[in-house]
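A quick write-up on the structure given underneath.
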Amino acid sequence: MTDASVQSLGAAVQDVRLAFSKTGCVTSAVLVLAGIGLDMAIYPEQATVFLLVRALVAVATLLILWVIQGEFGRRHVRMLTLLWLVLPQVMIAWMIAQTEGAASIYFVGLHLALYAVGMIVPISYLEGLAFGVFTCLIYAVACFWHAGGIVTTGQFVAHLLFTAFSAIICVGCTYFAELSRLRLFALREQVAEQNERLKETNRTLAEVKGQLLQREKMAAIGTLSAGLLHELNNPVNYSLMAINMGLMVPAAKTDPMLKESLDDALEGMTRVQNIVSDLKTFAYQKPGEDSQRPFLLENAVRSALRLAGYELKGIEVTVDLPQDTHVLGDEPAIIGVLINLLSNAAHALQAVQRLGAKIVVRVQQQGERLAVSVRDNGPGIDPAHIGRVFEPFFTTRDVGAGLGLGLSVSYGIVQRHGGTLAVDSVWGEWTEFTFDLPRPST
């Protein structure tokens, strides 16, 4: 067992001993007082004195119970447990000395205590051995202390041997009980470890399931987009050619309204062409091939902003880029991550309808990598939820508004690039997602 396991076992045994001591103290005090019936039946002439002694032992036992309730008792529960176990033995030995010595029937009480300790009390076998030796010694002392001494040597030896046999049984029981506790704890620890592994496996399967669903969805979108893009590309090119030709006509140069209209049409078709170009990135990606290629992160950011443009309406977006934004990775996947972060920020801002809604995209060089951050001044993330934002299927949106897969899939994509997608937030003020990408080696 490891050191941590041993410490955990010690704490568990201490808890068991503490619980037993609390119950055992009460039980011992009750049994000690109940023995007055035996005194009155066998030694009625000494019943009054024995009652007083029993009451003192019961009070001492309950006093130990009171001490056990506190912090001192918890720290020294082992010693206090042995103490209240010894008190009845000392009382019984004194009664043996005060009655018939080796012939006293009270020696049976010593045996009962040994059996109870061996089978019930959670002590170590060494403590059981010490308790057994103490019981044999105190019985011998009680017999010698008896006023008449040891009258019948054979009876004394027989009772002492029986006491020693009971002590041996007590040691054996405590040894096997301690061994059983060790095995039970080891089994419990193994079960707990297997449960943790099972939970981890379930979490992994949930992540894989989420990623597979997302990939299937993206594959379906890609297949659909590929056909649409092919159909859209030709009309867009024809329209651009027609507009450019229209701008070259002399009438367009002399008619300001016509020229303005053609310029507006040219700008609109150029935007459509850019969107078609961005969608091609998703439509023609090939996940099975090597996707770690150099690309300009600046282009990926611009594409993500265009594709998320509808959701970003009414929101001020600031982009801070260094001069060199070359990175190494899967450009379509990174665009997907950026779209997801921008869309989440936009939804958060729109949910609170905050004036001065703003998103800041910042790219900074950090050694051999580029760090990317997307920060919004929205409502922030509830501290109770911030530890779960990357869990598959976790979402705070209304039912049907999202599967809760975007961030978990994005986390996996960034992790595949050797980075970590992290989140920081101040509730009611802002939220910032950060990740980093490797730069191509020169």
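The values are calculated or read from the model by the stated rules, or taken from the named source; none is laboratory data. Bear in mind the structure is a predicted one, so any value in this text is a computation, not a measurement. We place every Cβ from the backbone using ideal geometry, glycine too, and count neighbours over all the protein chains shown. The area values use the complete protein model at the heavy-atom level, side chains included, leaving out ligands, DNA and RNA. Shrake-Rupley method; radii C 1.70, N 1.55, O 1.52, S 1.80 Å.
Annotations
- Taking Cα centre as origin and charging only the Cβ of basic (Lys, Arg, +1) and acidic (Asp, Glu, -1) residues, the dipole magnitude of region 1-151 rounds to 260 debye.
- Each of ARG354 and ASP320 was given a label point 7 Å from its Cα along the Cα-to-Cβ line. The distance between the two points is 1.7 nm.
- For ASP330, residues with placed amide H under 5 Å, excluding near neighbours: ARG293
- Put simply, the amide H of ILE359, placed in the peptide plane, has neighbours under 5 Å in GLU316, VAL317, THR318, leaving out anything fewer than 5 places away on its chain.
- ASP424/MET40 FRET efficiency (R0 51 Å; Cβ-Cβ; nearest 0.05): 0.05
- Across region 411-417, computed HN-Hα scalar couplings (Karplus, 6.51 cos²θ - 1.76 cosθ + 1.60, θ = phi - 60°) run 4, x, 5, 5, 4, 5, 8 Hz from first to last residue, x flagging Gly and Pro.
- The antiparallel fraction among DSSP beta bridges confined to region 298-396 stands at about 60%.
- P(r), alpha carbons of region 110-157 - 10 Å bins starting at zero, rounded %: 24, 42, 24, 9
- Largest accessible area first, the listed residues PHE165, PHE435 line up as PHE165, PHE435 when surface is computed with a 1.4 Å probe on the assembled protein chains.
- At 1.306 mPa s and 10 °C, Stokes diffusion of region 23-84 via Kirkwood alpha-carbon radius, µm² per second: 128
- For region 155-171, the Karplus equation 6.51 cos²θ - 1.76 cosθ + 1.60, evaluated at θ = phi - 60°, returns couplings of 5, 4, 5, 4, 5, 5, 5, 4, 5, 5, 4, 4, 5, 5, 4, 4, 5 Hz by residue, with Gly and Pro reported as x.
- Of HIS385, HIS146, the order by accessible heavy-atom surface (1.4 Å probe, DNA, RNA and ligands excluded), from most exposed downward, is HIS385, HIS146.
- Scanning residues 5 or more positions from GLY378 or on other chains, those with amide H under 5 Å from its amide H are THR431, with H placed 1.01 Å from N in the peptide plane.
- Summing charges over neighbours of LYS259, with a neighbour being any other residue whose Cβ is under 13 Å away from its Cβ, gives -4 when K and R count +1 and D and E count -1.
- Estimated from the Cβ-Cβ distance and a Förster radius of 25 angstrom, the FRET efficiency linking GLN69 and ALA186 is about 0.20.
- Here the mean projected area of the convex hull built on the C-alpha positions of region 73-126 is 4.3 nm².
- Surface calculation, 1.4 Å probe, protein heavy atoms: ILE315 sits at approximately 20 Å² accessible.
- Ratio Rg/Rh, restricted to region 1-133 and using Cα atoms, in which Rh is the Kirkwood radius: 1.04
- By accessible area with a 1.4 Å probe, ligands and nucleic acids excluded, highest first: order of ARG354, ARG293: ARG293, ARG354
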